[in-house]
Amino acid sequence: MGHNGRRSTNMAFTKFSVQSSDVQKDIVPTSTPETDIWAIFRALRDTRSLFGLRPGHVQTLQAMLSFLKPGHGDTVFASNNEICRRIGGIDERTLRRHIDRFVELGFMKRQDSPNRKRYRVKSSDGQTISYGLSLTPMLARASELLTAAQEMENARRDRVFLRKQILTRLAHLEDSDPENKLLCEVRRVLRRKLSITEFRAVLNKLDVQCKQMSTAVDAPSTTKLSANDGQNVRHHSKSEKEQIDLESAGVSETPTLITLTTVCDQATSFATNSLRNWLEVESHARTLAPMMGIHATIFEKAARKVGSQKASCAIFIILQLGNRIRDFGAYFHSITLGRRETEFNPSLILQRLSRVEPASQECPPRWTC
């Protein structure tokens with residue numbers, strides 16, 4: 001580089017010109033784009049893994065760059081001993097290995113004098129010959145290094161963004177269904193260093209799970225309901241889809257105790273004694289919830305929000321619906337803590353369930369007709 005290069009008053013080193021590849025051919029640039037040599041160094045430092053360089057190589061290059069003086073070109077004239085001392089006392093053999101590696105990668109070039117000394121000579125007409133370690137090859141690859149560094153930074157930011165999205169989905173899933181097996185699986189995967197493709201695959205899997213939870217209440221009706229004593233199974237040919245929880249006007253949400261325990265005979269069949277009051281119903285619902293995959297903390301949270309009676313009714317009704325519901329935990333969360341909470345009316349649902357029973361159904365043994 002010539003001695004007439006522009007200098008920065010704030011930088012200790014010369015700025016080296018790098019031709020821009022995206023300049024339009026029909027426009028004559030008014031000035032040459034410039035890139036600071038330390039920006040090129042930082043780009044190589046950040047992309048060192050692409051070239052198989054270790055931190056020791058980067059420290060050596062940094063020390064060598066510190067010997068460059070403004071207006072004196074891009075050749076390092078310092079001796080090996082001086083470079084080793086500036087690095088921090090590494091041995092000369094290690095320094096030579098580092099230099100060999102940079103030469104092999106095409107970032108550095110040796111220009112040896114006859115006696116292996118490093119110096120510069122100048123003729124009377126201003127021509128110069130530099131003997132030393134030339135960094136011209138690295139500067140010539142500035143665009144390549146800067147582009148690679150920007151791509152790596154973009155990939156890093158995308159990975160952080162995707163990871164935050166995944167963590168948000170995990171928090172939502174844990175709040176809705178703490179026992180979901182996907183939680184442990186995803187957390188185990190996140191311990192590894194993932195590529196952007198792997199992050200997106202994990203996010204898609206979580207999105208599918210969250211979507212299934214939000215649509216769990218849309219399952220079609222089944223054709224089977226079990227009797228109270230668990231011995232008689234009645235088959236029905238009803239196949240139309242029922243919207244069991246979308247009406248609430250004009251009907252009290254809290255059903256009578258006898259209606260709940262009579263219609264929801266699946267839940268009462270698990271009780272060791274007759275359920276004579278709401279306290280016993282609530283206690284029985286707390287016992288059933290974990291058996292149905294509904295975490296106790298979710299039940300208590302629902303009880304605080306909608307009331308323990310309504311939360312208990314939800315447990316009884318869900319168990320009565322049986323395999324009409326794909327995911328008990330997601331359904332319970334949706335009708336007590338989620339977006340369908342205001343639409344959930346236990347009394348209306350019990351009325352509809354009582355109508356699907358055949359007219360000749362026997363009364364449960366613990367109640368009289």
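Please work out which residue is most open to solvent (accessible area, probe 1.4 Å), limiting yourself to the stretch 103-142 and to residues that are aliphatic (A, V, I, L, M), without any contact (Cβ under 8 Å) to a residue 24 or more places away in the chain and farther than 17 Å from Trp38 by Cβ. The extreme case among them is Ile129.
Just so you know, in the stretch 143-173 the residues that are under 29 Å from Cys184 (Cα atoms), in contact (Cβ under 8 Å) with a residue 24 or more places away in the chain and aliphatic (A, V, I, L, M) include one that is surrounded by the fewest Cβ atoms within 10 Å (Cβ to Cβ), and it is Ala155.
Among the criteria (1) loosely packed, with under 12 Cβ neighbours inside 10 Å; (2) touching a residue at least 40 places away in the same chain (Cβ under 8 Å), the one Ala78 does not fulfil is (1). What number goes with the only condition from (1) open to solvent by 50 Å² or more (accessible area, probe 1.4 Å); (2) closer than 30 Å to His98 by Cα; (3) of a type outside the set (Val, Ile, Thr); (4) assigned to a helix (DSSP H, G or I) that Ala201 does not pass? Failed condition: (2). Check whether at least one residue in the stretch 265-287 is at pLDDT 90 or above and at positive phi, and report yes or no. No, that holds for no residue.
Check whether at least one residue in the stretch 19-36 is modelled with pLDDT of 85 or more and within 30 Å of Gly89 (Cβ to Cβ), and report yes or no.
No: the stretch 19-36 contains no residue that is modelled with pLDDT of 85 or more and within 30 Å of Gly89 (Cβ to Cβ).
Arg276 falls short of the stated requirement of being part of a helix (DSSP H, G or I) and among the basic types (Lys, Arg).
The values are calculated or read from the model by the stated rules, or taken from the named source; none is laboratory data. This is a predicted model, so every value here is computed, not measured. FYI the Cβ positions are ideal-geometry reconstructions off the backbone, even for glycines, and counts take in every protein chain you see. Ligands, DNA and RNA are excluded from the accessible area calculation, which covers all protein heavy atoms including side chains. Shrake-Rupley method; radii C 1.70, N 1.55, O 1.52, S 1.80 Å.
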